[in-house]
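Okay, so here's the structure we're looking at.
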Amino acid sequence: MYNPRFEKKAFKKEVEHNVKTLYRKTIDEATPQQLFQAVSYAVKEVIIDDWIATQDQFKKDDPKTVYYMSMEFLMGRALGNNLINMTAYREVKEALDEMGIDLNAIEDQEPDPALGNGGLGRLAACFLDSLATLGYAAYGCGIRYRYGMFKQKIENGYQVETPDDWLKEGNPFELRREEYAKEVRFGGNIRVEYDDATNRTKFVQENYESVLAIPYDMPVVGYGNHHVNTLRIWDAQAITNFQLDSFDRGDYHKAVEQENLAKTIVEVLYPNDNHYAGKELRLKQQYFFVSASIQAAISKYKKSHDDLHKLPEKVVFQMNDTHPTVAVAELMRILLDEEGLGWNEAWDITTHCCAYTNHTIMAEALEKWPIDLFSKLLPRVYQIIQEIDRRFLIQVREMYPGNEEKVRKMAILYNGQVRMAHLAIVAGFSVNGVARLHTEILKHQELKDFYEMMPEKFNNKTNGITQRRFLMHGNPLLADWVTEKLGTKNWITDLSLMSGLKKYADDPKALAEFMDIKYRNKERLAAYILKHNGIEVDPRSIFDVQVKRLHEYKRQLLNILHVMYLYNQIKEHPEMSFYPRTFIFGAKASAGYIRAKEIIKLINSVGDVVNNDRSINGKLKVVFIEDYRVSNAEIIFAAADVSEQISTASKEASGTGNMKFMLNGAPTLGTMDGANVEIVEEVGAENAFIFGLSSEEVINYENYGGYHPQDIYHNDQDIHKVVDQLVDGTYSNGDTEMYRDLYNSLLTNQGGSRADMYFILKDFRSYAEAQKKVEEAYKDTEGWAKKALLNTACCGKFTSDRTIQEYVDDIWHLDKIKVEVETEEE
Ligand code: CR1
């Protein structure tokens, strides 16, 4: 047994005890939420021992540690996942059953910690799971937002946002650690002093505002290895009775300001995915968690080491996109101003400790802070960036004499802006993209100049996902089947073993079992949809699913226009054979992204018309699942037949949903974009449905001014009809203006952006043909089962365990830890 404290009798006693001491109640009297808390505290009790053991092991082994710096960690619910990773899920489920408590219902009581937007935040969560499972020392460093990603309601077809008060009932898994608080300073001015004693210039920040950063630690449990890492997220608190200097003493106004600053700084996660909004508060958030995290890392290092020059042997900071790149300047500041090192030493340390991951080439996502704003908020950090830039440009000029164009293109400070990506590349020792195609585009397009100057920094790390959450927890039926067929559970930590399933691809019995599991998962999703949307869907229909953030480049619009086209076809040719389809969408739109919200409304409007048209005999259904998030994602992936990955080629850096569908046996219907390319490589083109322009074709069109969607509109009658239906009232109760903007976006150039800049009409025909192939393929029951099974069998590459091992081998060079714990019996 993993841990005797999960032994049924002991565990039950613990839960009873918790209900009593926390709520003065018996099990029968407790509410479901109270039971969730009581169970979670019982689980945490066990985790804590492993957590302490892991920290003790760190002290003994002194391993190199990665600090994964990220504005977002989309962890999802902890209880079920922790039980799985402690290999105690079954025992606990049985124990609770015996007490008349349903573990699933208890799990549903846990709010979904949504401290992230989409792929980038969920990737960080998968990475933490893999780091702990592989036995590496790691900290996730982030922000404890008071409100995470908003909750989405659909009212009258429109998205309505409501706050996510995820801490309302208290978070049983976190630990507040006041004793590790750090001060973070903003604004003011820098006084330069000459210190005769040391012969050095000192930079003193004065008249600043400051906040206290208080860490909350959450355990990150590795699978079956007693290894527990830490996600450290920072809360802010005003610094009371803190004396700034005599001038400020008793300054009531200042005290109130500091109070407000503390409150607002961690108030809310910006709900933008792949989009930079340039808000001052966002920069404050960035510096706040970065400064606190780096200070903490340095104090920890100094406890057991006295030579800061050797910091790179023990510490690496991985910057998750440009959001935390102010880290490089903050590390320089600490080394220079607080530790008294010289520039060259400090620079040498920094450039061996910091590495950068790029997650997007979308221009609107690039962070470029106005120098005005930046230098006021972070005066000393700004000075340091100026000096980094000055020295860097000397190198550029040395390498490209007389080429001022290069200087302009590569400078960190240019045109009144601080370009965060340039800072990250110049100061980082590694720059990686997140899928092979994406990294190639970085090297040869977006970051070409940097690649030419410093090719050794560039490398690819194709993303991955954790099978512990997205198969074991999300799809227990399939997980058990895989274990039975492979005759081992080892796939849980070695996903390459899944290839052992290939031998069942021609085994009718195995294929039938596989599809039966899919069917039962479809029933589970159908029940969810009925409960949450009031729509009845037929689990025998093809479940065609697109779930991800709403973004124009992801082309949900292409999907729904195609549904409109199918509906026209069915209406025009009622006799035509048509395999029943359920189109399932789930997507949040950033609160300020108007066009994205129009697309949500359109999807719901099409659903209203199509779902209520009796004449089509339920052949077509459209469902928009409200509040797409990690917890319902698990149910959705398990039930999907078709995985829609239809971004405009070159735009989706990787995608990770694509991998979760594949793992759960859903073939990809997609473009040759992001990690789709590698998925097709693994599973074979015959087991995917690929369509559309290639990334080179898209980039080519873009470089030569786009294409002419009007030509397509005028020459293809089906497309013409569908596009016109946006403005003829078909889906808007006669209102011709409701979708006018979408219509215009497809057909006319608009202030700076080209007509149909995401090539929706251009790719429409080839998408429709691919969809036709899906239908044909699905009719061949066994042929389809084989494709589906092969997707699961070929997904081995896409585990985040593989990704993390590559980061470790090529970038981080961490040491493996083995946590020794004494258990009374094994
Ligand atoms: C990308 O859009 C990728 C994730 C994780 C997103 C997506 O394709 O899978 O990152 N990028 O790498 C992003 O959020 C800010 O950029």
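The values are calculated or read from the model by the stated rules, or taken from the named source; none is laboratory data. Because the structure is predicted, anything quoted here is derived from the model rather than measured. Every residue, glycine among them, receives a Cβ derived from its backbone with ideal geometry; neighbour counts consider all protein chains shown.
Looking at Tyr767, is it in a helix (DSSP H, G or I), over 29 Å from Leu501 (Cβ atoms) and outside the structural domain of Gly224 (by TED's automatic domain parsing)? It is true that Tyr767 is in a helix (DSSP H, G or I), over 29 Å from Leu501 (Cβ atoms) and outside the structural domain of Gly224 (by TED's automatic domain parsing).
Given the structure, is Gln286 among the polar types (S, T, N, Q), surrounded by 17 or more Cβ atoms within 10 Å (Cβ to Cβ), more than 30 Å from Ala591 (Cα to Cα) and modelled with pLDDT of 95 or more? So Gln286 fails the test. Within the range 742-762, residues that are closer than 14 Å to Val722 by Cα reach partners that are of a type in the set (Val, Ile, Thr) and assigned to a loop (DSSP other than H, G, I, E, B) with beta carbons closer than 7 Å, at six or more positions or on different chains, in the pairs Tyr743/Val727.
Table: residues versus (1) crowded, with 20+ Cβ neighbours inside 10 Å; (2) assigned by TED's automatic domain parsing to the domain that holds Ser605; (3) touching a strand residue (DSSP E or B) at 6+ places or on another chain (Cβ under 7 Å); (4) modelled with pLDDT of 95 or more.
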| residue | (1), (2), (3), (4) |
| --- | --- |
| Ile101 | yes, no, no, yes |
| Gly118 | yes, no, no, yes |
| Ala137 | yes, no, yes, yes |
| Lys168 | no, no, no, yes |
| Asn171 | no, no, no, yes |
| Asn189 | no, no, yes, yes |
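Just name the residue that is surrounded by the most Cβ atoms within 10 Å (Cβ to Cβ) out of those in the range 338-368 that are of a type in the set (Gly, Ala, Ser) and either within 16 Å of the ligand (Cβ to nearest atom) or free of Cβ contacts under 8 Å to residues at least 24 places away in the same chain (or both). My answer is Ala355. Does the range 388-409 contain any residue that is within 16 Å of the ligand (Cβ to nearest atom), more than 27 Å from Ile265 (Cα to Cα) and in contact with a helix residue (DSSP H, G or I) (Cβ under 6 Å, 6 or more places away or on another chain)? No, the range 388-409 contains no residue that is within 16 Å of the ligand (Cβ to nearest atom), more than 27 Å from Ile265 (Cα to Cα) and in contact with a helix residue (DSSP H, G or I) (Cβ under 6 Å, 6 or more places away or on another chain).
The helices (runs of 4 or more DSSP H) found wholly in the range 1-97 and carrying at least 2 residues that are in contact with a His (Cβ under 6 Å, 6 or more places away or on another chain) occupy 32-61, 79-85.
How about the range 615-655: which of its residues are within 16 Å of the ligand (Cβ to nearest atom) and on the phi > 0 side of the Ramachandran plot? Within the range 615-655, Ser650, Gly655 meet the criteria. Quick one: in the range 203-242, which of the residues that are more than 15 Å from Gly188 (Cβ to Cβ) and surrounded by fewer than 14 Cβ atoms within 10 Å (Cβ to Cβ) is modelled with the highest pLDDT? Checking each candidate, the answer is Thr240. Across the range 358-400, the number of residues qualifying as aromatic (Phe, Trp, Tyr) and within 22 Å of Met71 (Cβ to Cβ) comes to 3. Condition test on Met672, is it closer than 23 Å to Ile361 by Cβ, within 16 Å of the ligand (Cβ to nearest atom), surrounded by fewer than 24 Cβ atoms within 10 Å (Cβ to Cβ) and aliphatic (A, V, I, L, M)? Answer is yes for this residue.
Here's the yes/no breakdown for (1) more than 16 Å from the ligand (Cβ to nearest atom); (2) crowded, with 18+ Cβ neighbours inside 10 Å; (3) over 30 Å from Tyr89 (Cβ atoms); (4) among the hydroxyl-bearing types (Ser, Thr, Tyr):
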| residue | (1), (2), (3), (4) |
| --- | --- |
| His438 | no, yes, yes, no |
| Ile441 | no, yes, yes, no |
| His444 | yes, no, yes, no |
| Glu452 | yes, no, yes, no |
| Arg468 | yes, yes, no, no |
| Met472 | yes, yes, no, no |
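If you go through the range 166-196 and pick out every residue that is among the charged types (D, E, K, R) and within 22 Å of Lys44 (Cα to Cα), you end up with 7.
The conditions of being under 19 Å from the mean Cα position of the chain (by Cα) and either over 26 Å from Leu478 (Cα atoms) or not assigned by TED's automatic domain parsing to the domain that holds Phe583 (or both) are not met by Glu644. Every condition in (1) surrounded by fewer than 19 Cβ atoms within 10 Å (Cβ to Cβ); (2) within 15 Å of the ligand (Cβ to nearest atom); (3) in contact (Cβ under 8 Å) with a residue 40 or more places away in the chain is met by Asn432 except one, and the failing one is (1). From the list Pro324, Pro312, which residue is within 16 Å of the ligand (Cβ to nearest atom) and either touching a Pro at 6+ places or on another chain (Cβ under 6 Å) or modelled with pLDDT of 95 or more (or both)? Selected residue: Pro324, the only one of Pro324, Pro312 that is within 16 Å of the ligand (Cβ to nearest atom) and either touching a Pro at 6+ places or on another chain (Cβ under 6 Å) or modelled with pLDDT of 95 or more (or both). Meeting the requirement of 3 or more residues that are not hydrophobic (A, V, I, L, M, F, W, C), the helices (runs of 4 or more DSSP H) wholly within the range 289-397 are 311-314, 343-353, 371-377. A residue that is under 25 Å from Gln725 (Cα atoms) and modelled with pLDDT under 95 cannot be found anywhere in the range 627-648. Restricting the search to helices (runs of 4 or more DSSP H) fully inside the range 657-737 and requiring at least 3 residues that are of a type in the set (A, V, I, L, M) and under 25 Å from Ser605 (Cβ atoms) gives 717-724.
Taken over the range 763-789, the criterion of being touching a residue at least 40 places away in the same chain (Cβ under 8 Å), of a type outside the set (Gly, Ala, Ser) and farther than 14 Å from Glu686 by Cβ is satisfied by Asp763, Phe764, Arg765, Tyr767, Glu769, Gln771, Glu775, Tyr778, Lys779, Thr781, Glu782.
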